[in-house]
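Read-outs: derived from the displayed coordinates by stated rules, not from any lab. Owing to the predicted nature of the structure, the values given are computational and were not obtained by experimental measurement. Please note: Cβ atoms are built from the backbone with ideal geometry, for glycine as well, and neighbour counts cover all protein chains shown.
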Amino acid sequence: MAQGKILLKPGTLWTSVKERTKHALQCGALLSIPTEFEFVEQDGVRFLVRILSNLNRKKAAKEKQKKQSAISGEEFNPFLPYEEDLFVADISDTHVCILNKFNVVDYHLLIITRAFEEQESLLTLEDFTAMWACLADFDGLAFYNSGKSAGASQRHKHLQLVPLSLVPSGPQIPIEPLLTAAQFQELIPSDASATRSFLPGKGTIPKLPFIHAFAPLNPHWVRSPFAGGQATLEVYRTLLHAVGLDTRQSGAYNLLATREWILIVPRSQEHFQSISVNSLGFAGALLVRNAAEMKILKAQGPMTILKSVAVC
């Protein structure tokens, strides 16, 4: 992708998100799922745990999708084509941005590929360029659930982006207090040209009790999404190798990224008992469907649950 292929006009995304959200709510295309929340602390992290109040809308939509798939003989793909009422912006010639139809978090965005790619596919220069183009005007947490075992619910390749802060009080991201203790092994260039300065390279976070790899990113990369995408792609490949994933055909993992850091966690399974965990769980934000699952989470501890679905 050449730099000129970025279609998203700088400074417009956040306004487009708010306007499109208002429209999608009014026309019924956006079906927000109401939740309640509470905090559960373990191992120095104040986990945000949301409890779903009503899943009827999502269940009805899933049933409709199954019927459509049965009639057509093909698996239903909600992104090809995507709903026009959920469209937010063209990002590039390879990616568009839409609203998450069944959002739990306000202004939850999906960065989807225009053409079908499998969700297990490795992330590319185009993916990371699209991510940085969005982060330039949307201060958020980007994440990628690589495959069903990592919590992916759709096969069509998509990154996701939620605005910061994730919580109403305290650190913007619950695991942030642990990140300050990260231990690094080497230095990496802080920009794509490798001529200015260096950042700490691949590292680990001592209080995370599972295999992972962590690295800082340069927030100035928002100024040039293409250069930021290229630099992030190199960091990503280094982190995949660090956690034992094949950089040609990787396994299941979760990826989380902000303007300032990136984290990769390999996955062993999607569920702990009946509780599904995706990337947001490793940011310190978990979701349970009912009081019974909340009871399980409190009895086991959220960090213990993350350890159980990760790789040790």
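Structure notes:
- Seen from Pro177, the other residues with C-beta closer than 12 Å to its C-beta sum to a net charge of -1, counting Lys and Arg as +1 and Asp and Glu as -1.
- Since only Phe214, Ala130, Ile275 are under comparison, the one whose Cα sits farthest along the positive direction of the charge dipole of the chain, derived from C-beta charges on Lys, Arg, Asp and Glu, is Ile275.
- When each of the peptides 26-37, 254-265, 238-249, 206-217 is scored by how many other beta carbons lie within 10 Å of its residues on average, the order from highest to lowest is 254-265, 206-217, 238-249, 26-37.
- Rounded Å value of the spacing that divides the Cα centres of the stretch 265-282 and the stretch 4-19: 32
- Rounded to the nearest 20 debye, the dipole size of the chain about its Cα centre is 580 debye, using +1 on the Cβ of Lys and Arg and -1 on the Cβ of Asp and Glu.
- Only one of [x] 54, 50, 38; [y] 60, 48, 35; [z] 69, 49, 37 was calculated from the structure for Cα extents along the principal axes in Å, and its label is [x].
- Here the relative contact order of the chain, from alpha carbon pairs under 8 Å that lie six or more residues apart, stands at 20 percent.
- Projecting the Cα atoms of Ser92, Ser153, Leu239 onto the charge dipole of the chain (Cβ charges, centred on the Cα centre) puts Ser153 farthest toward the positive pole.
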